[in-house]
Structures are given as structure tokens and as C-alpha cells.
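Student: Have a look at the structure that comes next, please.
Nothing in this text is a laboratory measurement; each read-out follows from the coordinates by a stated rule. Small disclaimer: the values here were computed from a predicted structure and weren't measured. All Cβ positions, glycine included, derive from the backbone under ideal geometry; neighbour counts span all protein chains shown.
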Amino acid sequence: MKISTGEYIVRETVLSLKRNSWMAFASIGTVAVSLFVLGMFLILVLNMNRMVASLESQVEISVYVLDEVSEAELRTLEERIASMQGIQSVKLIDKEKAMERFRERLGDQQFLLDALGDNNPLPNSFEVRVIQPDMVRTAAEAIRELPGVETAKYGQDVVEHLFDITRLVRLFGLALMFVLALATLFIISNTIRLTVFARRKEVAIMKYVGATDWFIRWPFLLEGIVLGCFGGVVAALALRGVYRVIAVKIYDTLAFFPLIPENPFLHYVTAAILVCGMFIGALGSTISLKKFLDA
Amino acid sequence: MIDMKDISKVYENGAMALDHVNVHIDKGEFVFIVGASGAGKSTFIRMLFREVLPSAGSLIVNGQDVIHMDRSDVPYLRRGLGVIFQDYRLLPDKTVTENVAFAMQVIEAPRRKIQHSVNAVLDIVGLRDKYKCFPSQLSGGEQQRVAIARAIVNHPALVIADEPTGNLDPDTSWDIMDIFKRINADGTTIVMATHDKGIVDSMKRRVIAIEDGHIVRDEAQGVYGYED
Ligand SMILES: Nc1ncnc2c1ncn2[C@@H]1O[C@H](COP(=O)(O)OP(=O)(O)O)[C@@H](O)[C@H]1O
Ligand SMILES: [Mg+2]
């Protein structure tokens with residue numbers, strides 16, 4: 001492309017945005033709102049994913065050992081588990097320790113244990129941690145097969161429940177993002193349609209004198225991209241602000257909550273929003289122009 | 001320059017605008033297309049720059065196969081042609097100079113060349129001193145001269161005009177015809193659809209008469225031949 005053509009395209013784009021400034025303003029605003037909500041869901045879903053992952057990684061496998069296993073056999077079993085694939089740590093909780101913990105948990109209701117006398121019905125057990133959360137299931141299944149192991153449990157229910165919720169949020173988020181992307185597309189393509197309409201005479205003359213489709217298309221394409229980009233910038237700035245405020249609030253009250261750190265997460269989100277805005281902008285103007293250029 | 005064989009045009013609504021038309025026009029000719037309103041003149045003209053695609057037949061314009069060409073080649077066909085309409089079709093927010101230069105800008109001509117060519121064609125149509133005016137500040141004849149300047153600024157081999165004097169009074173029409181004569185004298189082929197009996201009769205050029213989509217007459221030094 002020639003320099004003078006580049007100049008022409010930029011000049012035409014700026015002119016057109018100025019001429020339809022209120023329309024441009026309105027569409028940038030709407031695009032910004034859509035992209036903001038879109039970004040919120042993106043952030044929410046990503047954070048939930050992370051939360052699930054971190055909860056999963058904290059999940060322990062409780063391995064209950066049969067009563068007939070001897071002290072020595074217990075040591076061997078511990079070593080065997082520790083040497084298995086993907087195991088991070090193995091900690092023995094013997095009967096006494098288990099009872100101690102149980103007492104603690106009962107607090108002032110310890111009298112309930114009086115009936116037991118000196119009997120300790122609790123089994124020996126191991127607390128096993130895995131290196132990666134997705135290894136929990138396989139590790140638990142393998143441990144269950146070992147001789148002397150009665151059963152191996154982990155927080156299946158909690159994790160699976162959480163999975164369900166995330167899946168739901170993700171699904172809902174995706175659907176909403178899709179709808180919002182469509183809405184954004186609609187808004188931009190309508191704005192461009194108006195611009196094209198305002199300049200239909202010019203475009204007709206351009207065609208008569210032999211301008212190529214791409215030459216005609218560029219200023220409109222650029223206009224769509226600029227609208228999408230500006231909308232994206234506004235949305236990204238708002239998202240960054242909101243995320244910081246929320247992050248501070250959460251650290252103050254729920255320090256354990258594993259919120260994704262701002263850096264570089266927010267940069268990625270910003271980039272995604274901008275790319276998304278520009279892409280939708282380009283697509284929107286392409287749609288509006290298609291009918292016009294084909295005519 | 002133009003080779004039209006068995007060309008027919010049926011519009012989507014079923015209207016048969018041209019019916020097996022055969023025309024050959026050589027380089028450098030000056031041809032009038034005459035006929036009553038609705039005869040098919042505009043359809044004929046608009047096929048030449050592929051604004052209307054023929055339904056059947058073959059059409060070669062300026063060495064290019066108009067019917068079988070790629071969509072993407074249409075701009076290049078049009079760069080070899082200059083098109084003029086009855087209603088001028090100028091851009092109201094551009095000056096005379098800008099309107100003419102526009103035709104060069106959009107085909108990415110170098111800037112220095114634009115300046116030079118625009119001045120040259122404004123001389124040809126006699127509007128050098130009005131270069132700063134907007135179309136609304138010009139008479140109909142002057143506006144049409146701007147349109148002609150725009151049509152010829154890229155040195156087309158063929159100029160196509162659809163009733164260019166249709167909105168002009170006789171004196172002004174003659175000014176326009178003088179310009180066409182001069183352009184033609186430089187070797188540019190001219191095809192002009194018109195209603196104007198006076199002009200056709202006194203120019204004594206080739207006349208192709210269309211009636212209901214058929215060519216009914218094709219004479220080398222013809223006359224209008226109708227009373228309307
Ligand atoms: N775009 C169109 N769609 C349908 N019919 C058309 C169209 N343009 C022209 N026609 C019909 O084709 C015939 C020839 O029209 P046209 O070429 O405009 O004639 P002229 O220019 O001689 O007045 C007319 O019957 C007209 O109604
Ligand atoms: Mg007509």
C-alpha cells in the first residue's frame with residue numbers, strides 16, 4: 001500500500017468518526033459495557049478455575065489401615081505409598097493421634113467418649129498428598145489396592161461439587177459472552193452501516209472510477225476496529241480498576257482466597273479484551289460492507 | 001473497442017431490456033445511442049462498465065471479457081473507462097479540484113501526477129478559474145464539465161455517457177458537446193446515450209437506434225429519426 005493511500009485511509013476514518021461523533025460515542029459506550037461484562041465473566045471463570053485447582057491440590061487422601069496390620073508392616077506400607085508415582089508426602093496418623101484429634105474436635109462433648117472406656121475404635125491411617133491435583137483420583141485408586149489398606153478416601157464430593165459449579169458458571173459465562181459478543185457485533189456493524197450509508201454516493205463514485213474493493217473497504221474496516229478498540233480500552237480500564245478494588249477487599253477479609261495476582265493477569269485480560277474488541281469491530285464492518293460492495 | 005455479440009438482458013423482474021443485440025464499435029468512434037424512454041439505452045450503457053451484467057451473449061470492452069471477468073478485475077476494467085451521468089454525481093462537500101482529484105486518489109495515483117493531471121483536465125473543460133468552488137456554487141453545465149473532467153482525468157480509452165445533456169438547456173448542451181468533440185478528436189472513443197434530437201442531427205455521427213431492446217437502425221452518419 002502506498003503512503004498516500006495510508007494517509008487517505010486514516011484521514012477518511014478520522015473524518016467519518018468526527019462526522020458521526022455521537023453515534024461513534026454511543027457505540028463505543030455500548031461496546032465498552034459489553035466487553036466489560038464479557039471481561040468480568042472471563043475473570044470470574046479464570047479465578048474459579050484456579051480456586052478449584054488450588055482446592056484440589058490441597059486435597060488429602062486419607063488412607064485407613066486394617067487393624068491386623070502390625071507396627072512393622074505399617075512402616076513398610078508407608079514406604080510403599082511414598083515411593084508411588086506422584087506422591088508428595090505421606091504422614092502417619094496412628095490410632096492414638098487420631099483419638100487425640102477426635103477429642104479435640106469434640107471439645108466439651110468429650111463425655112461421649114466415656115462409654116468407650118480404654119477402647120480405641122479408630123484405625124491407623126495415613127494422610128497422603130499428591131504433587132498434582134489431577135493425580136488424586138488415580139493415586140487413591142492405586143493405594144486402595146495395596147495389601148493392608150482398608151480404604152482410601154479424598155474429598156471427592158467437595159471437589160466434584162465444585163467442578164459442577166465451575167462448569168455451570170463457565171457454561172453460563174460462555175453463553176453470556178457469546179450473546180454479548182453478538183450484541184457488540186450488531187452495534188458496530190450498525191454504526192458502520194450508517195457510515196456507509198452516509199457515504200454511499202462517494203462509494204458509488206469510487207466504484208465507477210475503478211477503486212478496488214479493498215481500497216473502499218479499508219476506511220470502514222479501520223473505523224470498526226477503532227470503535228472496537230476504544231470500547232475495549234474503556235472496558236479494560238474499568239476492569240482493572242474493579243479487579244484491584246475487589247482484590248484489596250478480598251485480601252482484607254478472606255486472605256486464604258486464591259485470587260489470581262494482578263500481574264501479569266490483568267495485562268492478559270486487557271490484551272484479550274482489546275483483541276476481542278478489534279476483531280469484533282473488523283468483523284462488524286466487514287458484514288456491513290459485504291452487501292454494499294457486492295451490489 | 002466494443003464488441004457485443006447476441007447480448008440479451010433480462011432483469012430479475014422479468015423485464016427484457018435488450019434482446020440479442022449485436023454492436024461493434026471501433027477505437028476512436030463517436031457513437032450516439034438513441035431511442036425512446038425505456039428502449040434500453042441505459043441498460044446498454046451500464047453493461048459497458050459492468051454495472052449491469054448481461055444475461056446472455058458475449059461482450060468485449062477495451063480488450064476485456066466483461067462477462068467472464070473476475071469480480072476483482074472489474075475495477076481495472078473501469079480504470080480504462082470514463083463514465084458520465086445525467087445527474088453529474090459530484091461530491092457536494094468537495095471542491096472542483098477535489099472532485100476531479102478523487103478519481104485519481106482512489107486508484108492510488110502518485111500525488112505529483114494528480115496535481116498535474118487535474119490542472120490539465122480543468123483546462124480542457126474550461127474550469128481552471130473555478131477550481132475552488134463547491135458543486136452548489138456552479139451551474140448545471142459547469143457541474144457536468146467537472147464530471148467530464150473527472151471521467152477523463154485518468155486518460156480512458158473509452159468515455160461512456162448516459163444522457164449527459166438531459167438536464168441542460170440547449171446552449172449549455174452545446175458547450176458539453178464541444179468538449180466531447182475535442183476529447184474524441186484526441187482519439188478517445190465516445191459512446192453517448194441521448195434523447196436530444198438537435199444534437200444528434202447536427203453532429204452527423206454514427207447513430208444506433210434502440211427500440212424495445214432491439215437495434216432498429218445503425219447508421220454511420222445518422223440522424224435522430226424520431227419525433228418525440
Ligand atoms: N434495474 C432494473 N430492474 C428491472 N427493470 C429494469 C431495470 N432497469 C431498467 N429496467 C427496464 O428495462 C427496460 C429498459 O430500461 P432502460 O435501459 O433504463 O431504458 P432507457 O435508458 O432507454 O430509458 C425498461 O423496460 C425498464 O423498465
Ligand atoms: Mg436511461
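Student: Per residue of chain A, what 222 nm ellipticity follows from adding -39500 (n - 2.57) for every DSSP H run with n ≥ 4, rounded to the nearest 500?
Tutor: Taken over chain A, the calculation gives -25500 deg cm²/dmol.
Student: To continue, here is another question. Over chain B, what per residue volume does the convex hull of the Cα atoms give, in whole Å³?
Tutor: Dividing the Cα hull volume of chain B by its residue count gives 125 Å³.
Student: OK, next. Using only alpha carbon pairs under 8 Å that are at least six residues apart, calculate the relative contact order of segment A:114-251 and give it in whole percent.
Tutor: Relative contact order, segment A:114-251: 13 percent.
Student: Which of the chymotrypsin sites (Phe, Trp or Tyr not before Pro) found in segment A:209-295 are in a DSSP loop and have at most 12 neighbouring Cβ atoms, other than their own, within 10 Å?
Tutor: A:F256
Student: What full-extension length gain, to one decimal in nm, is calculated for A:D294 and A:R170 as 0.36 nm per residue of separation minus the Cα-Cα distance?
Tutor: 40.7 nm
Student: Show me, for segment B:106-117, the HN-Hα J-couplings you get by feeding each phi into the Karplus relation (A = 6.51, B = -1.76, C = 1.60, θ = phi - 60°), rounded to Hz, glycine and proline as x.
Tutor: Values, residue by residue: 6, 10, 6, 6, x, 4, 5, 5, 4, 3, 5, 5 Hz.
Student: Give a quick list of GluC sites (Glu not before Pro) in segment B:160-228 that DSSP marks as loop, anything other than H, G, I, E or B, with at most 12 other Cβ atoms within 10 Å.
Tutor: Answer by residue number: B:E227.
Student: Continuing with the same structure: What Kirkwood hydrodynamic radius, in Å, does chain A give when the mean of 1/r is taken over all pairs of distinct Cα atoms and then inverted?
Tutor: For chain A, the Kirkwood estimate is 24.3 Å.
Student: Could you list which residues have their amide H under 5 Å from that of A:T151, counting only those 5 or more apart in sequence or on another chain, with H placed in the peptide plane?
Tutor: Answer set, sorted by chain and number: A:Y64.
Student: Suppose we flag GluC sites (Glu not before Pro) only when DSSP calls them loop and at most 13 other Cβ atoms lie within 10 Å. Which is the longest uninterrupted stretch of chain A?
Tutor: Longest gap between qualifying sites, sites excluded: A:146-295.
Student: Put a dot 7 Å past each Cα toward the Cβ at A:T286 and A:A204; how far apart are the dots in nm?
Tutor: The modelled label-to-label distance comes out at 2.8 nm.
Student: Which whole-angstrom value gives the distance between the alpha carbon centres of segment A:165-180 and segment B:116-178?
Tutor: After rounding, the separation between the Cα centres reads 61 Å.
Student: While we're on this one: What residues have an amide H closer than 5 Å to that of B:R205, excluding those fewer than 5 places away on the same chain, when H is modeled at 1.01 Å from N in the peptide plane?
Tutor: For B:R205, the qualifying residues are B:G222.
Student: Debye sum, Cα scatterers, the protein assembly as shown, no solvent: what log₁₀ I/I(0) at q = 0.10 1/Å?
Tutor: -0.89
Student: With a Förster radius of 22 Å, plug the Cβ-Cβ distance of A:T5 and B:K94 into 1/(1 + (r/R0)^6) and report the FRET value to the nearest 0.05.
Tutor: Between A:T5 and B:K94 the formula returns 0.80.
Student: If I take R0 = 25 Å and measure r between the Cβ atoms of B:V216 and B:K27 in this structure, what FRET efficiency does the formula 1/(1 + (r/R0)^6) give, to the nearest 0.05?
Tutor: 0.50
Student: Among B:C133, A:C276, which comes first, then next, by fewest other beta-carbon atoms within 10 Å?
Tutor: B:C133, A:C276
Student: Loop only by DSSP, 12 or fewer other Cβ within 10 Å of the Cβ. Give me the trypsin sites (Lys or Arg not before Pro) in segment B:131-195 that pass, ordered by residue number.
Tutor: B:K132
Student: If the chain between A:Y251 and A:M99 were fully stretched, how many nm would it gain, using 0.36 nm times the residue separation less the Cα-Cα distance?
Tutor: Here the answer is 51.2 nm.
Student: Here is a further query. Set the Förster distance to 45 Å, then compute FRET efficiency between B:D186 and A:K18 from the Cβ-Cβ distance, nearest 0.05.
Tutor: 0.60
Student: What does the convex hull of the alpha-carbon atoms of segment B:91-155 project to on average, in nm²?
Tutor: Result: 3.8 nm².
Student: Then there is this: Students often get this wrong: which residues of segment A:125-152 have the backbone nitrogen under 17 Å from the point 7 angstrom along Cα-to-C-beta of A:L74?
Tutor: From segment A:125-152, the list is A:125-128, A:147-151.
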